[in-house]
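Participant: Before we start, here is the structure in question, set down as C-alpha cells.
The values are calculated or read from the model by the stated rules, or taken from the named source; none is laboratory data. Small disclaimer: the values here were computed from a predicted structure and weren't measured. Reconstructed Cβ throughout: ideal geometry from the backbone, glycine too, with neighbour counts over all protein chains shown.
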Amino acid sequence: MSGRERVVVDFDQHSPEYKSGFPGLGHDLREQGPIVWSDHHGGYWVVVGREALGEIAKHPELFSNDRDRDKGYKGVAIPAPDGDGRGGFLEMDPPEHMDYRRVLNPLLSPAAVERWGPLVTEVADACIDAVAETGAVDFVDDLANVVPAVLTMGLLGMPLADWEVYCEPAHAMVYTPPNSPEFVRTFRLILRMVESITASIATAREAPRPGIIKALLAARDAGAPLDEEGIEGTILLVIGGGFDTTTALTAHALEWLDQDRGERRRLREEPELLDTATEELVRFFTPAQGGGRTVTRDCEVAGHRFRKGERVWMAYGLSNHDPEVFERPDEIVPDRFPNRHAGFGLGIHRCIGSNLARLTFKTMLGAVLRRMPDYEIDTAGIVRYDDIGTINGYRHLPARFTPVRKEGAPLADVLGRWQERLDAGAP
Amino acid sequence: MKVRVDPDVCQGHTLCALAAPDVFLLREEDGHAYVASEEVDPERADVVRRAVATCPEGAITVEE
C-alpha cells in the first residue's frame, strides 16, 4: 500500500462474522493491503499485516495507548468505553508507563515466575482432584479459570481465597458485548470488583503481604511518580490480564487436542515439545486479539500515511496468520520454530505476564494429559464468548474422562497452606 | 562472529533463549535478553540464526 489509499472494508472484531471467520477472514483483508479501514465504531485503521504491525509497535510516540479526553486519545478499546478511567499502564504512554512497569518487571521475570511453579502445580492438581472421581469436568469452571486466578491473587499479594471474588467479573467484563442487556449486570460486578480492590489497597497499606500491591505502594513512598488512579488501574489490569487470557489459551488447546488425538499422544510422549507448542498455540489462537491506538500526529509509518486523531486497531490475532511471515499459517505446527508471533503483543506494551502465562498453561495442560489422558469434550456443551474481539475465550468446555483417584488435599487446604507460606515471605 | 541484543528494542519475549540458552541470557530484573559474550563461536551460527529469525522485535544483530 502506498501513501493514503483508503481501502474500506466491512470489519468489526466484535461481530459474529469475526468470531466465525477468524482467522481466515484476515487473508481476504490482507489481499486489500496490510492496513485497511473500517467505518465501524467511528472509523479506524485495521493493521492485519505482521510486518506493518511490527513497524507501528516501534513508534509509541506516534501511536498512543493513553486515554486522555483533553488530547483526544481514546485508549486501547475500540469502541472506547464510557467514562475516563484508564486501564493501568496499558493505557499510558512513555515515560509514565515505565514508572509502573519498572515496579512489576522484577516480579514477573522468568526467574521470579519459576519460584511460583510448586504453587501452580499443587493448585492445578487440587482442581483436578475436585472432579477426579466423578469422570466429568468443565475445563473452564473447574480448572482453567481457577489456577490463573489463584496465582494472580498470590502475585498481587491479595488473599488467595479471594480468587472467587474476582473470577466472574474478570471474565464477564471481556465476554459481555458493550451495549448488550447483559452489560448492566456485568457493570455492577465490575463496580463491586473495583470497590474490593480499593479495600485491598487499604488493607495492604496496613499489613502488606509481599507482592505487586506492596511493591507499588513502596515505590510511591520512595518517590516514584505513581498515583492512586494508576495503582488501582494497574491492579485491575493485572487481574484482567492474568485471569482471562491463560484461561482462553488452555481451553483452546484442550479443544484442539480433543480433535487431534495424534497430537495429544505426541505431547504426552514428548513433553519437551511443550515449549514450542505453547508459542504456537499463542500464535494460532491469540487469546488477546488486538489493541487500539490513537495517532498522535500526522505521520507515515509502514508506507502508510496516518492523520492525527485517527484510531488504529493492532490485529495481533489476524497478523499471526500472515502467510508472508508464517508458512502454513492456518495449521497448528507444535514444533514450529522460529515463530515470530505477535500473540503477546509487540513493542513496549508487550504482555508483562507472558512468563506466568507460559508456566500456568504448561502446568494445567500437563496435569490434564497426565491424569485425564482419555478426556473427551462434550461438544454440545461448548460455550465460547459471544464476542471474541477482545479475548478469544470460552465460558464452558465440558468433558468426560475415566475417573481417577484423588492425589492430594482439597483446594481450600492447599490455598490455606500456601497462604501461610506467602504471609511468611515465600516464594 | 559478533552477536548483539539491542536493549532498547528487546521487550523480553525470551524466544532467543529458547533457541540458544547458552548464547542468550535473561536478566533477573526484567527478563530482557543479553548475550553471554559478544564473541560467539561460529559453530553456533545455526542456533544464533534461529534466534535472530524468531525474535518478534528484530532486536538481535549478527556480524559474521
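Participant: Just for segment A:275-305: of the residues that are among the hydroxyl-bearing types (Ser, Thr, Tyr) and touching a helix residue (DSSP H, G or I) at 6+ places or on another chain (Cβ under 8 Å), which one is surrounded by the fewest Cβ atoms within 10 Å (Cβ to Cβ)?
Facilitator: A:276
Participant: In segment A:92-102, how many are buried (at least 23 other Cβ atoms within 10 Å of the Cβ) and within 12 Å of residue A:348 (Cα to Cα)?
Facilitator: 1
Participant: Against the condition of a type outside the set (Phe, Trp, Tyr), assigned to a helix (DSSP H, G or I) and surrounded by fewer than 20 Cβ atoms within 10 Å (Cβ to Cβ), how does residue A:84 come out, does it pass?
Facilitator: So residue A:84 does not fit the description; no.
Participant: If we scan segment A:128-136, do we find a residue that is crowded, with 17+ Cβ neighbours inside 10 Å and not in a helix (DSSP H, G or I)?
Facilitator: Checked against the condition, which is being crowded, with 17+ Cβ neighbours inside 10 Å and not in a helix (DSSP H, G or I), segment A:128-136 yields no hits at all.
Participant: So which residues in segment A:329-354 are among the β-branched types (Val, Ile, Thr) and out of contact with any Gly (no Cβ under 9 Å at 6 or more places or on another chain), if there are any at all?
Facilitator: Result: A:332, A:333, A:348.
Participant: Right, next: Pairs needed: first member in segment A:90-115, within 11 Å of chain B (Cβ to nearest Cβ); second member anywhere, charged (D, E, K, R) and surrounded by 15 or more Cβ atoms within 10 Å (Cβ to Cβ); C-beta distance under 6 Å; at least 6 residues apart or different chains.
Facilitator: A:105/B:30; A:109/B:30
Participant: Just for helices (runs of 4 or more DSSP H) wholly inside segment A:198-307: which have at least 3 residues that are under 24 Å from residue A:322 (Cα atoms) and of a type outside the set (A, V, I, L, M, F, W, C)?
Facilitator: Here the list reads A:228-259, A:274-285.
Participant: Okay, next question. Looking at segment A:103-127 only, could you name the residues that are in a helix (DSSP H, G or I) and surrounded by fewer than 16 Cβ atoms within 10 Å (Cβ to Cβ)?
Facilitator: Those that are in a helix (DSSP H, G or I) and surrounded by fewer than 16 Cβ atoms within 10 Å (Cβ to Cβ): A:106, A:111, A:114, A:117, A:118.
Participant: OK, next. Looking only at segment A:249-269, decide whether some residue is within 14 Å of another protein chain (Cβ to nearest Cβ) and touching a Leu at 6+ places or on another chain (Cβ under 9 Å).
Facilitator: No; the residues of segment A:249-269 include none that is within 14 Å of another protein chain (Cβ to nearest Cβ) and touching a Leu at 6+ places or on another chain (Cβ under 9 Å).
Participant: Could we say that residue A:348 is under 19 Å from residue B:55 (Cα atoms) and surrounded by fewer than 24 Cβ atoms within 10 Å (Cβ to Cβ) here?
Facilitator: So residue A:348 passes the test.
Participant: Also, I was wondering about something else. Please work out which one of (1) under 17 Å from the mean Cα position of the chain (by Cα); (2) buried (at least 20 other Cβ atoms within 10 Å of the Cβ); (3) in a loop (DSSP other than H, G, I, E, B) is the condition residue A:386 fails and give its number.
Facilitator: (2)
Participant: Looking at A:263, A:272, can you tell me which residue is surrounded by fewer than 24 Cβ atoms within 10 Å (Cβ to Cβ) and without any contact (Cβ under 8 Å) to a residue 12 or more places away in the chain?
Facilitator: A:272
Participant: Identify, please: which residue in segment A:320-332 is touching a Pro at 6+ places or on another chain (Cβ under 7 Å) and among the charged types (D, E, K, R) and is, among those, farthest from the other protein chains (Cβ to nearest Cβ)?
Facilitator: Selected residue: A:330.
Participant: Could you tell me which residue of segment A:320-361 is nearest to residue A:273 (Cα to Cα), considering only residues that are without any contact (Cβ under 8 Å) to a residue 60 or more places away in the chain and assigned to a loop (DSSP other than H, G, I, E, B)?
Facilitator: Per the stated criteria, the residue is A:333.
Participant: What number of residues within segment A:333-344 are more than 7 Å from every other protein chain (Cβ to nearest Cβ) and either crowded, with 23+ Cβ neighbours inside 10 Å or aliphatic (A, V, I, L, M) (or both)?
Facilitator: 2
Participant: Any residue that is small (Gly, Ala, Ser), under 30 Å from residue A:374 (Cα atoms) and either without any contact (Cβ under 8 Å) to a residue 60 or more places away in the chain or away from chain B (no Cβ under 14 Å) (or both) - is there at least one of those in segment A:303-314?
Facilitator: no
Participant: Related question: Looking at (1) closer than 18 Å to residue A:367 by Cβ; (2) at pLDDT below 95, which is the only condition residue A:181 fails?
Facilitator: If we test residue A:181 against (1) closer than 18 Å to residue A:367 by Cβ; (2) at pLDDT below 95, just (1) comes out false.
Participant: Here is a follow-up. Going by what's in this entry, would residue A:293 be described as more than 11 Å from chain B (Cβ to nearest Cβ) and either among the aromatic types (Phe, Trp, Tyr) or closer than 23 Å to residue B:9 by Cα (or both)?
Facilitator: yes
Participant: Turning to a different aspect of this structure: Conditions first: (1) part of a loop (DSSP other than H, G, I, E, B); (2) touching a helix residue (DSSP H, G or I) at 6+ places or on another chain (Cβ under 6 Å); (3) of a type outside the set (Gly, Ala, Ser). Residue A:59 passes all but one, so which condition is the exception?
Facilitator: Unmet condition: (2).
Participant: Just to verify a result, which residue in segment A:202-217, among those that are among the hydrophobic types (A, V, I, L, M, F, W, C) and modelled with pLDDT of 85 or more, is nearest to the chain's Cα centre (by Cα)?
Facilitator: Of everything passing the filter in segment A:202-217, A:212 is nearest to the chain's Cα centre (by Cα).
Participant: Any residue that is touching a residue at least 12 places away in the same chain (Cβ under 8 Å), more than 22 Å from residue A:248 (Cβ to Cβ) and touching an Asp or Glu at 6+ places or on another chain (Cβ under 8 Å) - is there at least one of those in segment A:151-172?
Facilitator: no
Participant: Determine the pairs where a residue that is of a type outside the set (A, V, I, L, M), located within segment A:64-83, has a partner that is surrounded by fewer than 17 Cβ atoms within 10 Å (Cβ to Cβ) with Cβ atoms under 6 Å apart, the partner being 6 or more residues away or on another chain.
Facilitator: As it stands, the answer is A:72/A:309, since those pairs meet every condition given.
Participant: While we're here: Could you pull out the residue among A:206, A:232 that is surrounded by fewer than 18 Cβ atoms within 10 Å (Cβ to Cβ), acidic (Asp, Glu) and farther than 22 Å from residue A:141 by Cβ?
Facilitator: The match here is A:206.
Participant: From the list A:295, A:312, A:301, exactly one residue is within 30 Å of residue A:78 (Cα to Cα) and in contact with a His (Cβ under 9 Å, 6 or more places away or on another chain). Which is it?
Facilitator: A:301
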